[in-house]
Amino acid sequence: MACLLETPIRMSVLSEVTASSRHYVDRLFDPDPQKVLQGVIDMKNAVIGNNKQKANLIVLGAVPRLLYLLQQETSSTELKTECAVVLGSLAMGTENNVKSLLDCHIIPALLQGLLSPDLKFIEACLRCLRTIFTSPVTPEELLYTDATVIPHLMALLSRSRYTQEYICQIFSHCCKGPDHQTILFNHGAVQNIAHLLTSLSYKVRMQALKCFSVLAFENPQVSMTLVNVLVDGELLPQIFVKMLQRDKPIEMQLTSAKCLTYMCRAGAIRTDDNCIVLKTLPCLVRMCSKERLLEERVEGAETLAYLIEPDVELQRIASITDHLIAMLADYFKYPSSVSAITDIKRLDHDLKHAHELRQAAFKLYASLGANDEDIRKKIIETENMMDRIVTGLSESSVKVRLAAVRCLHSLSRSVQQLRTSFQDHAVWKPLMKVLQNAPDEILVVASSMLCNLLLEFSPSKEPILESGAVELLCGLTQSENPALRVNGIWALMNMAFQAEQKIKADILRSLSTEQLFRLLSDSDLNVLMKTLGLLRNLLSTRPHIDKIMSTHGKQIMQAVTLILEGEHNIEVKEQTLCILANIADGTTAKDLIMTNDDILQKIKYYMGKDGTAAVPGMMGVPLGTCEHPTSLFKEVQEPASFDSFYLHKSPWTAGSCFAKAV
């Protein structure tokens, strides 16, 4: 009975609430234009800072009527302007308010209003559009639906400082990828916005700066253009450097540092340029200080991580700047028991977002330790560092877990740490849990790290094998995600290196010859190369070669023939010939070559190729098996070289770690 009575009570309360707001809506339908104008003005005053009133007016149908008045030719410019102001105020309420406005097709109506000759009305429409487009529920594509909108907005930039501020803010929030960057760039965004950096209005300068940061993000074309743009006789990079100075607002320093960082990463500025080494990097390190606000520390650390990630020298400079490695340890202690924050709202906000600090610290540690062994050692020796990373692997936030795995992966490139710290903290246990049930973005990095833990000198290899890693990795080779297939087969390749016969048999049984053929036919070259590497490692040690070829010889010879007859590059053919060299080293396995005229003819053909090594063991010179070494470092970005030792290293992925350019 209580449930039955509850609905009428709620309806009654709603009726009373909406009744108190109804007269505002009723006045919009008055036949007297002056009374309508006054009604809109009164409505504007009623909704300011009152989310409940905004919601009531939306429920009562105020939005369609306001949009009708805004678009009517008979409406006065003053009435249209006031309608745009009220709609903008309604948009400043909740996300549901914005959704309601979008459902009423507010954007086309406001864009149409920009064609008016009246500046005040244009500014009101732009202000409302700015509020709507900066809402997370508004699709950015709505700005690009009509091809005439962007050039018209560019033309409006010169009308007033308000049009400059609002339009730049709209651009910076609606530029979310290379397609958007290209559209804005092709319509003269760089030329039209550059001079705004010297505006007398701080807000205009800031919004122009943010525009350049999103335009330059991972965009070489825009970045190379920005380097050569002159504003009042100064190059843009010089203007950005001036905005980095300590006497400038923190927001300006950070955004300028982002612009220079993105231009550097896009190849427009050298990593050893003074504006990067002496200005941008120190500025970003300053942002990591505990004196800065939480969001500033997060943004500073993440931008610095992105800046130094590909450059060893920048990593070394950053690691010794202002005790950065120790400074980042404070990110895990925030907020401290005795917090300096006296603002309760700020403290509540920071408690809810403290996980973002941990995420940023993991990212920066990962970049710092990407290449230098001494830096990795300093990071691991930071108090409770390994414990913090292990804890991060099980955090509820997917982003923190991903950052923790990336950090661990970066540190796992150290032979010494694999043998000591990683073993002391049994890192493989939480990692295996992560691999059991995680989104692909985490699986890719976690499986990359597993490749390193399965190297022959890693103490973790044995317990990982005992925990069912073979089945897990064979499962990854069947993934639709190419990166997961590569990592799955790469880890199996490492596992098979100098392995016992039982492990090799388990791999072949779990993988199956059918899947092996599919991998050898994979369109991804990395998958093919790692599969050939796996075969080389399986076919090593004479007794192992004979045993494997006695049970799988026919299928393996078919695979070899398939590769040698296919349209493959020289590296692929070379690895295939190395597999034949290993087979030739077998006592009985070599008969599979000697009795195969087709294979012998192919070997003869490749012996005649300039600079191509034939199969050593077949020429009466027993050089031993040609096992695929998988022991030390190898950059993923470079072509696979099976003559050097390596560890698995994955590059940053900007769309997952640095999704936002601003």
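Quick check on this structure: which one of T280, T321 is within 23 Å of the chain's Cα centre (by Cα) and polar (S, T, N, Q)?
T280
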So which of L364, L431, L408 ends up being more than 19 Å from L328 (Cβ to Cβ) and touching a helix residue (DSSP H, G or I) at 6+ places or on another chain (Cβ under 8 Å)? L431
Would you confirm whether or not segment 464-478 contains a residue that is in contact with a Cys (Cβ under 6 Å, 6 or more places away or on another chain), of a type in the set (A, V, I, L, M, F, W, C) and within 27 Å of S421 (Cα to Cα)? no
Based on what the data block shows, is H552 open to solvent by 10 Å² or more (accessible area, probe 1.4 Å), over 43 Å from the mean Cα position of the chain (by Cα) and not aromatic (F, W, Y)? no
Scan segment 147-182 residue by residue and report those that are part of a loop (DSSP other than H, G, I, E, B) and either within 22 Å of V222 (Cβ to Cβ) or modelled with pLDDT under 95 (or both). A147, L157, S158, C175, K176, G177
All positions within segment 55-80 that are closer than 16 Å to K44 by Cβ and open to solvent by 70 Å² or more (accessible area, probe 1.4 Å): E78
For the structure I just gave you, tell me whether V400 is in contact with a Phe, Trp or Tyr (Cβ under 8 Å, 6 or more places away or on another chain) and either over 18 Å from D387 (Cα atoms) or of a type in the set (G, A, S) (or both). no
Given the conditions (1) more than 21 Å from K602 (Cβ to Cβ); (2) open to solvent by less than 30 Å² (accessible area, probe 1.4 Å); (3) assigned to a helix (DSSP H, G or I), which single one is not true for S540? (3)
Somewhere in segment 571-579, is a residue without any contact (Cβ under 8 Å) to a residue 40 or more places away in the chain and part of a loop (DSSP other than H, G, I, E, B)? no
T561 meets each of (1) of a type in the set (S, T, Y); (2) within 25 Å of N437 (Cα to Cα); (3) open to solvent by 10 Å² or more (accessible area, probe 1.4 Å) with one exception, condition (2)
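If the requirement is being of a type in the set (D, E) and either open to solvent by less than 30 Å² (accessible area, probe 1.4 Å) or touching a helix residue (DSSP H, G or I) at 6+ places or on another chain (Cβ under 6 Å) (or both), which of these qualifies: E234, E302?
After applying the criteria, what remains is E302.
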Are there any helices (runs of 4 or more DSSP H) wholly within segment 251-363 with 1 or more residues that are within 30 Å of N228 (Cα to Cα), and if so which? 281-286, 294-308, 312-319
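Being in a helix (DSSP H, G or I) and under 17 Å from T163 (Cβ atoms) is the filter; apply it to segment 188-197 and report the residue that is most open to solvent (accessible area, probe 1.4 Å).
Q191
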The conditions are (1) modelled with pLDDT of 95 or more; (2) part of a loop (DSSP other than H, G, I, E, B), and I122 fails exactly one of them. Which is it? (2)
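Out of F240, F217, F185, F212, report the one residue that is open to solvent by 30 Å² or more (accessible area, probe 1.4 Å) and modelled with pLDDT of 95 or more.
Just a single option satisfies the conditions, and that option is F185.
I'd like to check which helices (runs of 4 or more DSSP H) are fully inside segment 481-537 and have at least 1 residues that are among the small types (G, A, S) and buried (at least 21 other Cβ atoms within 10 Å of the Cβ).
In segment 481-537, the matching helices (runs of 4 or more DSSP H) lie at 482-496.
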So which helices (runs of 4 or more DSSP H) are wholly in segment 1-97 and hold at least 2 residues that are modelled with pLDDT under 90 and either more than 27 Å from L126 (Cβ to Cβ) or among the aromatic types (F, W, Y) (or both)? 2-26
Considering segment 446-459, residues that are open to solvent by 10 Å² or more (accessible area, probe 1.4 Å) and in contact (Cβ under 8 Å) with a residue 60 or more places away in the chain, and then whichever is farthest from I489 (Cα to Cα), we arrive at F457
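The values are calculated or read from the model by the stated rules, or taken from the named source; none is laboratory data. Keep in mind it's a predicted model, so treat the numbers as computed, not measured. Cβ sites come from the backbone with ideal geometry, for glycine too, and all protein chains shown count toward neighbours. Only protein heavy atoms, including side chains, enter the accessible area calculation; ligands, DNA and RNA are left aside. Shrake-Rupley method; radii C 1.70, N 1.55, O 1.52, S 1.80 Å.
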